[in-house]
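Heads up, the thing below is written out as structure tokens.
No value in this document is a laboratory result; all are computed from the given coordinates. What you are looking at is a predicted structure, and each value in this text was computed from that prediction instead of being measured. Neighbour counts are summed over all protein chains in view; Cβ atoms, including those assigned to glycine, are modelled from backbone coordinates with ideal geometry.
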Amino acid sequence: MNEKEMRQIVERFSRKSEPAEGEIKVTQVPDYKTVHIEQLDGIGRSILLSEYVVDGMTYWAGFSPYSATVFVSRASRT
């Protein structure tokens with residue numbers, strides 16, 4: 001997943017736009033998280049989240065190739 005694709009996913013998430021069928025799954029994690037531990041088949045993998053600013057709001061987001069999921073955390077309040 002490249003930077004441009006991640007930015008588009010975070011923008012859609014921030015604007016509460018639903019992903020199209022067949023697209024990458026997006027999961028919200030608790031606010032202010034910069035690392036998420038994904039549990040798959042009893043194994044934990046850390047997903048490092050990068051900072052994205054959309055419409056003045058800050059989000060942290062990271063992609064897991066194992067589950068084809070983008071994890072998003074809000075880093076600022078509305």
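Before moving on, here are some points about what is shown:
- Among residues of segment 22-41, those that are touching a Phe, Trp or Tyr at 6+ places or on another chain (Cβ under 7 Å) and either over 16 Å from residue 68 (Cβ atoms) or among the β-branched types (Val, Ile, Thr) (or both), counted: 5
- Strands (runs of 3 or more DSSP E) wholly inside the chain containing at least 3 residues that are touching a residue at least 12 places away in the same chain (Cβ under 8 Å) and of a type in the set (Phe, Trp, Tyr): 57-64
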